[in-house]
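Just below is one structure, and these are the notes that go with it.
The values are calculated or read from the model by the stated rules, or taken from the named source; none is laboratory data. Bear in mind that the values here come from a model prediction, so they are computed numbers and not experimental data. Heads up, the Cβs are rebuilt from the backbone with ideal geometry, glycines too, and the neighbour counts pull from every protein chain shown. With ligands, DNA and RNA removed, areas are computed over all heavy atoms of the protein, side chains included. Shrake-Rupley method; radii C 1.70, N 1.55, O 1.52, S 1.80 Å.
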Amino acid sequence: MNAIYSKKKLFEKYYYLPEREMRVTINEIIADTRDLPIEVAKHKKKLRPSEVKQFLEVYDLM
């Protein structure tokens, strides 16, 4: 988890998870973390390490 992730790389690494559900989850995490509306969060490409950590905790991948 030392690498800086983009949404694309995260989806490629966890290809076995349902993509639609992953997109909704990561966009919600971005919106909550950065205090943004969901519509703006959808367009963010880079993920902060704390956001990746939250994502992995949601799916019990840590």
| task | Work out from phi, with θ = phi - 60° and the Karplus expression 6.51 cos²θ - 1.76 cosθ + 1.60, the ³J(HN,Hα) of each residue of the range 36-53, listed in order in whole Hz, and give x for Gly and Pro. | result | 10, x, 4, 4, 7, 4, 4, 8, 6, 9, 8, 10, 7, x, 5, 5, 5, 4
| message | Please report Rg (one decimal) and Dmax (integer) in Å for the Cα set of the chain. | response | 10.6, 29
| query | Around K13, with a cut-off of 13 angstrom between Cβ atoms, what is the net charge of the other residues, counting Lys and Arg +1 and Asp and Glu -1? | reply | +1
| request: Can you send over the carbon and sulfur percentage of the accessible area for the chain, probe radius 1.4 Å, protein chains only? | output: 52
| message | Rolling a 1.4 Å sphere over the protein heavy atoms, what is the accessible area per residue of the chain, to the nearest Å²? | response | 73
| Measuring from label point to label point, each 7 Å out along Cα→Cβ, what is the K13 to E28 span in nm? | 2.1
| task | Please give the calculated 222 nm ellipticity per residue for the chain, where each DSSP H segment of at least 4 residues contributes -39500 (n - 2.57) and the sum is spread over every residue; nearest 500 deg cm²/dmol? | result | -17000 deg cm²/dmol
